[in-house]
Amino acid sequence: MSRKPAIEIVPGMVFGRLTTIEIAPKGKRGVERWHIKCTCGTEKVVGARYLREDISKSCGCLRNEKIAEIGRATGKANAGRKHAPHFESLVGRVFGRLTVIEMAGRTPARAVLWRCACSCGSSKIVVRDSLIQGATQSCGCLRNELNAENLHSGLHTGKLRFEGRRLSEIASETGLTYAALKHRLKKHGTCFPDHLPRTKAAA
């Protein structure tokens with residue numbers, strides 16, 4: 001039985017979602033290849049055989065759509081099962097100044113991460129337990145405001161505090177002088193900016 005002659009590919013031909021633009025440099029062993037553009041806008045190089053034999057029908061977006069569709073179908077199928085999901089969705093819940101927007105992945109230890117919008121306009125990714133236990137309630141703006149408030153109050157009362165603790169206590173623990181801590185707090189808004197040491201020994 002004789003083989004059918006190979007289809008001659010020319011610019012402008014359509015294969016599924018792919019349209020040929022121009023012939024590309026040959027691949028290994030002289031394999032014919034073509035620059036193509038997908039209907040989704042992606043451009044890539046595909047072997048001519050994959051086009052002729054209807055193996056490549058898109059840049060990969062078609063496959064991704066099918067996978068997503070299967071995932072949605074699986075999610076609906078699991079919705080009526082008695083087994084609880086791997087984690088409780090926190091989307092839409094509010095924790096202090098943070099409103100949960102979407103899941104943002106997992107840590108190496110498999111803890112769930114959530115992307116949150118802060119009332120100040122910033123966003124922050126937070127570990128689930130930190131939200132549930134109330135350890136994180138803002139993007140960091142709340143802590144900065146409290147530090148600023150403590151600084152303003154301390155300058156008038158003579159009892160400067162940083163994160164709820166007196167500078168005199170921090171000075172005795174770190175070996176840094178009260179004056180140095182006060183200077184840092186006034187200049188940087190924190191006793192421990194990243195570019196300065198946290199203890200006298202480190203200095």
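The values are calculated or read from the model by the stated rules, or taken from the named source; none is laboratory data. Keep in mind it's a predicted model, so treat the numbers as computed, not measured. Note that each Cβ is placed from the backbone with ideal geometry, even for glycine, and that neighbours are counted across all protein chains shown.
Determine whether Ala203 is modelled with pLDDT under 70 and of a type in the set (A, V, I, L, M). Answer is yes for this residue. Residues in region 94-120 that are at positive phi and either within 17 Å of the chain's Cα centre (by Cα) or buried (at least 18 other Cβ atoms within 10 Å of the Cβ) (or both): Gly105, Arg110. Could you tell me which residue of region 51-72 is surrounded by the fewest Cβ atoms within 10 Å (Cβ to Cβ), considering only residues that are under 19 Å from Ile7 (Cβ atoms) and without any contact (Cβ under 8 Å) to a residue 40 or more places away in the chain? The residue in question is Asp54.
Taking region 97-119, which residues are small (Gly, Ala, Ser) and either over 14 Å from Gln137 (Cα atoms) or modelled with pLDDT under 85 (or both)? Let's see the steps before the verdict.
Just the residues of region 97-119 that are small (Gly, Ala, Ser), to begin with: 104-105, 109, 111, 117, 119.
Scanning region 97-119 gives Ala104, Gly105, Ala109, Ala111, Ser119.
Does Ser122 satisfy being under 23 Å from Leu142 (Cα atoms), modelled with pLDDT of 80 or more and small (Gly, Ala, Ser)? Yes; evaluated as a whole, the condition is true for this residue.
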